[in-house]
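The values are calculated or read from the model by the stated rules, or taken from the named source; none is laboratory data. All of these numbers come straight from a predicted model, not from anything done at the bench. Every residue, glycine among them, receives a Cβ derived from its backbone with ideal geometry; neighbour counts consider all protein chains shown.
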DNA sequence: ACCTGAACACCGTTCAAGT
DNA sequence: ACCTGAACACCGTTCAAGT
C-alpha cells in the first residue's frame, strides 16, 4: 500500500563524504578500530558496503580521512610562550593522547603511514612553534617530533588494544603479576627484585615520565649529525 | 592403486606445538603478520585450520607464542660492563630492532599485551642488569624499560607496515614530499622552513637519535615520584 | 587423543544492473 | 552520477564425524 506522500517516509540523509566519515567516527567511538568495517559503517547509513566506494577509495583511505577529522578536535589556540614552552609541550602531548583515547585504536593509523592531512600539519606546525619558542636547535626539533609522535601513538594504541579485548588496566596488571610471581629469583634476580617497581604507576604516570625523559633528552642531547643534502 | 608400502609416501611430519610455531614463523617471515592466518599456517603443514586448535588456543595465542620464539634469537651473552653500559644498552636496543625486523609486524604483539614468555623475561632481566651496572636509580629503571620497549616496538611496527604495503622508505618519503610541497608558507611557516630537516635521515638514524634522547633523558631526569605501595 | 571437512558468521572489494 | 544486491575470494572458530 503506497504511502500518502514520499514526505511521510523517514528522511534518509543523502550520502556524502562527510556523512561517511561521521558514520565511521561513530562506529569507531563505539566499537574501536577493528569494528570499523565497511559493512558496519554502511549499516550506520542504512545502505550497503558497496555504496561507500563513491566517497572513499578503500578502507585504508576511510581510516586516513577519519584520522584527520579526529585530529581536528585538538585545541591549538594557546600561543607559544617562551617562558613556559616546556609546560605547553607536555600539555600538548597529553591533549593529543586524550583525543586518541576518545577513538580507540585510531592511533594505529599514523603508525601505518605519516599523516598528510591539514589537521596533522597544523599540529606539527604548532609543535615546531613551541620548540622554537624554547630555543631548541632545528635539527633536534625535526627528530624529536618523530620520536615524540611515535611515543604518543604507541601509548594510545597500546591502551586501545587492552580495551578492545574488554580488559582494563587493572585486569592486565593482575594477570601479569600472576605470570611473574612464579619466577625463580635465582634465574631472574634483577627482575624479581624490581617487580614491585615494575608494577607501579598507571598509564598516565608512565606516559608523563616517558615524556619527561624525552624532553630532558631533547635538552641535553647533541644535535644529530646530519649528512649534507645532495 | 595402493602403493607398495606406506613408507613410499612422503613422510608427513606429525603435528606438534613446535611444528605449528615453526610453520607460523615461516609464514610470518614470508608474508608478514597479517599473512599469518590460521589457514595459511595450516596449509604450510598440509592440513586444515581446525587442526591447529589442538596446539594453540586461538590466533592471538599462536602469535604470542611465536613472539617469544622470535625473542629467543636475541643474543644476550655479553656480560654487563659498568664502564660501557650505555654502549651496551644502545646495542641491545638495535639488536632487538633487528630481530623484530626479521619478522615483519611481530612487534605488534608486545604492543597488544605485555609479554610474559621466558625469552621476553630474559631480555628484561638483561636490560635491568645493564642499567644497574650503570648505577641508574631503580625507579627510573622500571619506567625507562617501559618507554624504551614501547619505542623499539613502535619503530619496528611502523617500518613493518610500510613493507607490508609493498613500499620502501624511499617511496614513502617521496609521497610525503609531494604532499607537503604544496603547503602555503604563510599558513605553515615553521613547517615549510623545517621541511628539509624533517625529510633528513633514514630509519636507523632516527631510531638512534630517539634512543639517545631517551637515555640522555634517563640520566638527567628526576626519578618518578611514586606512591607508596598499599 | 588427534585430526578433519564442512559449516557458520563474518571480512574488503568488484561489478553488472538498476535509477 | 549515484546507488545497490549479489558474488568472489577470503577470514577465525566450532563441531560432528571420523581414526
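Quick check on my filter: what residues within the stretch B:27-58 are within 27 Å of residue B:158 (Cβ to Cβ), more than 7 Å from DNA strand D (Cβ to nearest atom) and part of a helix (DSSP H, G or I)?
If the condition is that a residue be within 27 Å of residue B:158 (Cβ to Cβ), more than 7 Å from DNA strand D (Cβ to nearest atom) and part of a helix (DSSP H, G or I), then B:27, B:28, B:29, B:30, B:31, B:33, B:34, B:35, B:41 are the ones that fit.
For residues that are without any contact (Cβ under 8 Å) to a residue 60 or more places away in the chain and surrounded by fewer than 20 Cβ atoms within 10 Å (Cβ to Cβ), scanning just the stretch B:135-144, find the one that is nearest to the other protein chains (Cβ to nearest Cβ).
The qualifying residue nearest to the other protein chains (Cβ to nearest Cβ) is B:138.
For the stretch A:188-215, give me each residue that is more than 8 Å from chain B (Cβ to nearest Cβ), in a helix (DSSP H, G or I) and touching a helix residue (DSSP H, G or I) at 6+ places or on another chain (Cβ under 7 Å).
A:195, A:199, A:203, A:207, A:211
Only one of B:224, B:185 is in a loop (DSSP other than H, G, I, E, B) and either within 25 Å of the chain's Cα centre (by Cα) or more than 8 Å from chain A (Cβ to nearest Cβ) (or both); which?
Every option except B:185 fails the conditions.
Take the conditions more than 10 Å from DNA strand D (Cβ to nearest atom) and buried (at least 17 other Cβ atoms within 10 Å of the Cβ) and apply them to residue B:124. Does it pass?
yes
Criterion first (in contact (Cβ under 8 Å) with a residue 12 or more places away in the chain, within 7 Å of another protein chain (Cβ to nearest Cβ) and in contact with a helix residue (DSSP H, G or I) (Cβ under 8 Å, 6 or more places away or on another chain)) does residue A:156 satisfy it?
No: the conditions fail for residue A:156.
Can you pull out the residues in the stretch B:14-64 that are away from DNA strand C (no atom under 14 Å from the Cβ), touching a residue at least 24 places away in the same chain (Cβ under 8 Å) and within 14 Å of chain A (Cβ to nearest Cβ)?
B:32, B:33, B:60, B:63, B:64, listed by residue number.
Can you go through B:56, B:27, B:36 and tell me which one is modelled with pLDDT of 95 or more and more than 19 Å from the chain's Cα centre (by Cα)?
B:56
Starting from residues that are within 10 Å of DNA strand D (Cβ to nearest atom) and in contact with a helix residue (DSSP H, G or I) (Cβ under 8 Å, 6 or more places away or on another chain), keep the ones in the stretch B:59-68 and report whichever is nearest to residue B:108 (Cα to Cα).
B:63
Just checking, does the stretch B:99-111 include any residue being more than 30 Å from residue B:38 (Cα to Cα), surrounded by 14 or more Cβ atoms within 10 Å (Cβ to Cβ) and touching a helix residue (DSSP H, G or I) at 6+ places or on another chain (Cβ under 6 Å)?
no
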